[in-house]
Every structure is written in C-alpha cells, then in structure tokens.
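Visitor: After the structure tokens below, expect a handful of questions from me.
The values are calculated or read from the model by the stated rules, or taken from the named source; none is laboratory data. Please read all numbers here as calculations on a predicted model, not as lab measurements. Don't worry about glycine lacking a Cβ; one is built from the backbone with ideal geometry, like all the others, and counts go over all protein chains shown. Heads up: the accessible areas ignore ligands, DNA and RNA and are worked out on the full protein's heavy atoms, side chains in. Shrake-Rupley method; radii C 1.70, N 1.55, O 1.52, S 1.80 Å.
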Amino acid sequence: MSIIGANHWNRLTHTQRRDKILRFYKTNSAELVHEFLSIVRAQKGYGIYASIGPNYQYAVFGRDSVVVAEDILEVNQALAKEIILLLAFLQGREFNLVSEEEQGKIHHEYRSLYFSGKLVPKAAQTAFKKLAPHWGGTDKDMLYYGSFDATPRFVSLVHKYCELYGLEILDYKISSRMGNDQMTLREYVRQATSWFVEKITASSWKLFEFRRINPEGLYNQAWADSSLSYLHKDGTIANSDSGVAAIELQGHAYDALRAAAELVALDGGEANSWRHLASIVRNNTLERMWMDDEKYFAMGLDRSTNGKTRFVSALSSNSALLLGSGMLRLTPHYRMWSHIEALVKKLFSEEFMTIVGPRIRSLKYADLVSYADYHGSYVSWPKHTHAIALGLRNHGFYRLANLLDDCVLHAVGKSGEFYEFYYVDRLGRPKYHYRQENPDEPTLHEFAAAELPEQGQAWTISAIINIINYRHSEQPIQPVLGEVKALEDEILQQENVKSIIERLPKKLT
C-alpha cells in the first residue's frame with residue numbers, strides 16, 4: 001500500500017478522520033480524493049490493496065479492484081486504467097488444480113511477501129503463510145483464482161471504460177506475467193469472455209454457476225464468499241461443490257455477454273451468439289430463480305445430493321443486486337415491473353432496512369447461525385448498499401437510491417472510518433466503531449461476532465468517492481414513471497423508513 005498514505009491515516013485521531021470525511025462530503029475536494037485513495041494505493045502498477053486492516057493489507061483482490069475502478073472511473077482515469085491492465089496481466093493462462101487458475105479467468109487474490117523489494121508487515125506475512133500452502137503459493141508469492149464474479153465484471157469494466165474514454169485501450173499490449181508473449185487488451189477480454197461462456201454452456205441450468213475445483217479452495221466463490229453465506233431456510237448450507245448459480249452472477253454474466261458482443265466479437269455471428277446466450281441466461285434466471293411464495297428472487301440455486309434443483313431460499317439482499325444489471329432494465333417494463341416492485345418492497349421492509357443500509361440476510365433468518373456471520377442478518381456493507389443504490393437509480397427510484405447513499409454517508413461519517421461492514425443488532429442499532437465498543441472480541445457477547453470489520457477498506461472508500469462525485473455533478477432531470485413514483489411515496493411513508501430518515505443527519509452533503 002502507499003505506506004505514506006496508510007501511515008498518515010493511522011496517525012490521525014478519530015476526530016481528525018471524521019472531520020476530513022465530513023469536509024469531503026461538503027466539498028468533493030480532489031485533494032481529499034487523492035488522500036483517501038492513497039490509504040490503499042498499491043505500489044506502482046498494482047492498483048489498490050483491499051484494506052489497511054490485518055486481513056487484507058498488501059493483498060490485491062480481483063473483485064475489489066474491479067469495484068473500485070468502476071467507482072472512480074470518472075474521477076481517476078489513470079488508476080482505473082492501471083487496474084484494468086493489472087487484471088489482464090494477472091489473468092489465468094493455464095489450468096492449475098490447486099490455484100484454480102484457468103485460461104481467461106480473472107484472479108481472486110494476489111499476495112507477495114515483498115513489494116518494491118521490501119518485506120511486508122507481520123500481519124500480511126501471517127496471512128500469506130496461512131493461505132499460500134492451500135492455494136498454490138510459492139515461498140514468495142501467491143496468485144489464487146477462486147472467484148467467479150471477477151471475470152465477467154472485468155469485461156463490463158473495460159466496456160464502461162471504453163464508453164467514457166474511447167476504444168484505444170483495447171489495442172494496448174500487455175506482456176504475459178510468464179514473460180514469453182504479449183497480447184492486446186482486446187485478446188484478454190476475449191479470453192475472459194470465452195471462459196464464462198464455456199461455464200454457462202456447460203451448466204445443466206444454462207446459468208453461470210460457481211464451483212471450486214480445489215477441495216481446499218473457497219467454498220463460495222461469489223462476492224459473499226464466507227462459508228455460511230448461502231443457506232437454506234432450515235439452516236443447511238448450500239451444496240456449492242455441486243455448483244451454485246448465485247443470483248447476482250447471472251446479472252454480471254448477462255451484462256458482460258452484451259458488453260463483449262459490442263467490444264470484442266470477431267464478427268456479427270459471434271456477437272449475436274453472445275447476445276443470444278445473454279437472453280438465455282436472462283430467461284432462465286427469471287423462470288428458475290423467482291420464488292412465487294416469497295415474491296422474491298432466490299439467493300441462488302443449488303442441487304441436493306440426489307441432484308434435485310433447489311432454491312437457496314434464506315432471503316438475502318443480494319437478490320436486489322439484480323436491479324443493477326441490464327437484465328431487468330433492458331427487458332420490457334410490463335414484464336419486469338412486478339419483480340422490480342417486489343424486490344424494492346422487500347428491501348425496504350423491516351426484514352432488511354437499517355440506518356446503515358440493508359442487512360445481507362433477512363432478519364427472519366437471524367437464528368440460522370449462532371453468531372453474527374460475515375454475510376448474515378447482523379451486518380450491512382457500505383459497498384453493497386451503494387451497489388443497490390446504483391441499481392435503484394437505473395429504474396428511476398432516485399429518492400430511494402439517495403436514501404441508501406445517505407445511509408452509507410452517515411455510517412462512514414459517524415464512525416470516522418472506512419469500515420468494511422457494520423454490525424447491526426435485531427433492533428437496528430449499529431456498532432459504528434466496533435473495535436472501541438467491543439475490545440474483547442472475539443470473545444462472545446451480544447453479537448458473538450465471527451470477524452472484525454477491516455479498517456480502510458478500499459471499496460468503502462471508492463463508494464464514498466462515487467456518491468459524492470455524483471452529488472456534486474449536475475444531473476439531468478429524468479422522467480419518472482407514475483408507478484415508480486407511487487411506490488417510492490408508499491415506501492417513504494412506512495414507519496420503519498420514516499424512523500430512519502428522521503434519525504439521519506439533515507445535511508450530509
């Protein structure tokens with residue numbers, strides 16, 4: 001990481017950090033954008049590290065890097081470009097059972113004991129030595145590929161970059177990390193597309209499924225990658241080793257297929273085949289993953305031990321991430337409105353909504369796990385909340401999107417730190433500064449928490465930057481459908497939502 005930036009941040013008092021964050025809300029200062037990004041800025045060429053906390057410092061994650069690049073695309077073209085080129089450089093080139101590398105696949109996690117010739121701190125060494133023996137690391141570095149969402153999101157990121165800055169980057173030549181050849185970025189994007197096209201085609205559901213190939217690899221290989229993320233209503237863990245079609249993966253695949261068809265298809269026939277496959281993914285998602293009894297999308301599909309298809313049915317706000325995909329936006333509105341309406345209503349119900357954003361798992365299923373799990377009913381993630389806000393804005397829910405972004409701004413401003421996530425109890429009371437409030441962790445108490453939230457989390461920083469950039473930019477007046485306005489009016493009058501609005505600061509920006 002940028003040692004100067006991280007060390008400077010760590011030396012600040014809580015009050016000084018909070019003052020800087022709140023000043024940024026008011027000013028959208030370019031100087032503060034630079035300062036905040038410097039907290040997690042990696043050595044030249046490596047983009048960003050995931051955090052400055054003990055678990056993810058000096059670790060370059062594929063998924064996190066994509067999210068940060070998307071968030072900062074308008075305010076820091078150079079860093080976004082660096083991230084794109086790094087992801088291509090680290091892209092899989094061959095099959096490896098231990099590291100789960102495959103040709104075209106974007107990596108999950110890169111660690112090294114040395115950056116710029118200097119040994120990383122002890123916490124980063126400890127994490128490296130714990131993971132490397134299981135994930136194919138050497139005595140110096142580790143490159144692990146246990147992620148399925150990073151690859152389609154990489155393709156969509158390149159597409160977004162090209163929409164803003166032109167197609168020139170596609171002809172940029174990048175050396176292989178093996179040092180024996182060069183390819184253009186266009187070729188890297190084509191290989192990434194070929195990888196997930198093959199996965200979708202091989203699926204019996206014709207959906208994008210994650211499945212580890214290393215028995216010691218990550219059990220769940222979407223963004224909610226902790227071991228208990230995917231649960232059935234009876235508390236049993238989803239059968240990831242037989243494949244899980246996570247709901248948001250279908251949205252990522254749909255968008256990436258359409259992006260690749262526009263960017264890197266060799267001819268009209270290939271472009272049409274990718275668009276057709278995108279429509280197959282969309283149709284199968286809508287037909288297979290909608291739970292009529294819940295009026296909500298399942299978090300995913302899995303298979304029982306005898307091969308029967310099942311809903312991963314414990315309700316999750318992950319399903320609302322589908323709002324951010326073109327899958328719902330580009331399908332005729334009359335077909336999608338009932339699904340969109342149900343998603344939005346559920347998201348803002350007492351099951352999910354809190355003053356710091358939606359819970360990851362519905363409060364109805366809080367007792368499925370005996371402690372506050374990383375992606376469970378007692379946690380809300382700023383980056384996740386902001387991603388849902390972006391999706392709501394896609395469908396004209398501008399007031400609800402602004403409310404979610406207000407929740408993120410409030411949580412970060414109140415805590416004076418860019419935390420990875422916030423714990424929220426059954427009554428919706430957040431722990432804004434968990435390390436100070438509960439110095440006895442990981443011993444058991446009210447939350448019995450499994451993890452401490454990382455400090456200086458990169459995608460929390462980038463979410464804040466994106467929110468403030470949006471609010472300080474002139475936005476065109478967008479027409480709002482009458483039924484969208486009516487639903488927003490209804491939700492904003494709900495007692496649980498009104499209570500949150502009343503407790504939020506009146507002038508965040």
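Visitor: Using a 10 Å cut-off on Cβ atoms, rank the peptides 479-485, 17-23 from the highest mean neighbour count down. Mind showing how you got there, number by number?
Guide: Values: 479-485: 12.7, 17-23: 16.9.
For the peptides 479-485, 17-23, the packing ranking is 17-23, 479-485.
Visitor: Along the Cα-to-Cβ line of residue 237, 7 Å from the Cα, sits a label point; which residues in the stretch 351-394 have backbone N less than 17 Å from it?
Guide: 368-377
Visitor: Where a ≥ b ≥ c are the square roots of the eigenvalues of the C-alpha gyration tensor, would you call the chain rounded, which needs a/c under 1.5, or, failing that, prolate if a/b is larger than b/c, or oblate?
Guide: Numbers: a/c = 1.24, a/b = 1.05, b/c = 1.18.
Rounded is the answer for the chain, as its axis ratio a/c remains below 1.5.
Visitor: Using Cα-Cα distances under 8 Å and only pairs 6 or more residues apart, what relative contact order does the stretch 282-340 have, in percent? Mind dumping the intermediate values first?
Guide: Numbers: 50 pairs, mean separation 14.2, N = 59.
Computed over the stretch 282-340, the figure is 24 percent.
Visitor: A further question on this structure: Which sequence of 151, 126, 184 reflects their accessible areas, 1.4 Å probe, from the largest down? Please list the in-between numbers first.
Guide: Details: 151 0, 126 90, 184 25 Å².
Ranked list, largest accessible area first: 126, 184, 151.
Visitor: A further question follows. Between the alpha-carbon centers of the stretch 464-491 and the stretch 170-189, tell me the distance in whole angstrom.
Guide: Taking the Cα centre of the stretch 170-189 as reference, the centre of the stretch 464-491 is 40 Å away.
Visitor: Ignoring ligands and nucleic acids, what accessible area does residue 351 show with a 1.4 Å probe (Å², nearest 10)?
Guide: 40
Visitor: Here's something else I'd like to know. Straight-line reach from residue 105: which lysines fall under 20 Å, measuring Cα to Cα and dropping same-chain residues less than 8 apart?
Guide: List returned: 81, 160, 173, 199, 206.
Visitor: Filter the cross-link list 414/498; 44/383; 346/414 down to pairs whose alpha-carbon distance in this structure exceeds 22 Å. All intermediate terms of the calculation are to be shown ahead of the outcome.
Guide: Details: 414/498 20 Å; 44/383 25 Å; 346/414 27 Å.
Beyond 22 Å between Cα atoms: 44/383; 346/414.
Visitor: Points 7 angstrom from Cα along the Cβ direction at residue 399 and residue 187: gap in nanometres?
Guide: That separation, rounded to one decimal, is 5.4 nm.
Visitor: Which residues' amide hydrogens lie under 5 Å from the amide hydrogen of residue 300, considering only partners 5 or more residues apart or on another chain, with H built in the peptide plane?
Guide: When sequence neighbours closer than 5 places are left aside, the close amide H contacts are 247, 312.
Visitor: Take the alpha carbon gyration tensor of the stretch 1-86, find the square roots of its eigenvalues, order them as a ≥ b ≥ c, and report rounded if a/c is under 1.5; if not, report prolate when a/b exceeds b/c, else oblate. Walk me through the numbers before you get to the answer.
Guide: On the way: a/c = 2.14, a/b = 1.30, b/c = 1.65.
Oblate shape, in that a/c is at least 1.5 and b/c is the bigger or equal ratio.
Visitor: Sorted by accessible area with a 1.4 angstrom probe, largest first, how do 168, 417 fall? Mind dumping the intermediate values first?
Guide: Details: 168 155, 417 0 Å².
Most to least solvent-accessible, the answer reads 168, 417.
Visitor: Another question about this same structure. Once you sort the root eigenvalues of the Cα gyration tensor of the stretch 165-229 as a ≥ b ≥ c, which label holds: rounded (a/c under 1.5), prolate (a/b larger than b/c) or oblate (the other case)? Let's see the in-between values first.
Guide: Values: a/c = 2.29, a/b = 1.82, b/c = 1.26.
The shape class here is prolate.
Visitor: Here's another thing I want to ask about it. Given a cut-off of under 8 Å on Cα pairs at least six residues apart, what relative contact order in percent is computed for the chain? Write down the numbers at each step before the final one.
Guide: Working: 927 pairs, mean separation 71.3, N = 509.
Reported as a whole number, the value is 14 percent.
Visitor: Checking the cross-link filter: which lysines have an alpha carbon closer than 16 Å to that of residue 485, excluding same-chain neighbours under 8 positions apart?
Guide: Candidates past the 8-residue exclusion: 345.
Visitor: Could you compute how much accessible surface residue 301 exposes when probed at 1.4 Å, giving the result in Å² to the nearest 10?
Guide: 0
Visitor: Quick one: if you stick a label point 7 Å off each Cα along the C-beta vector at residue 507 and residue 173, how many nm between them?
Guide: So the label points at residue 507 and residue 173 sit 5.7 nm apart.
Visitor: For a quick check of understanding: with a 1.4 angstrom probe and all protein chains in place, what accessible area in square angstrom does residue 503 have, to the nearest ten?
Guide: 120
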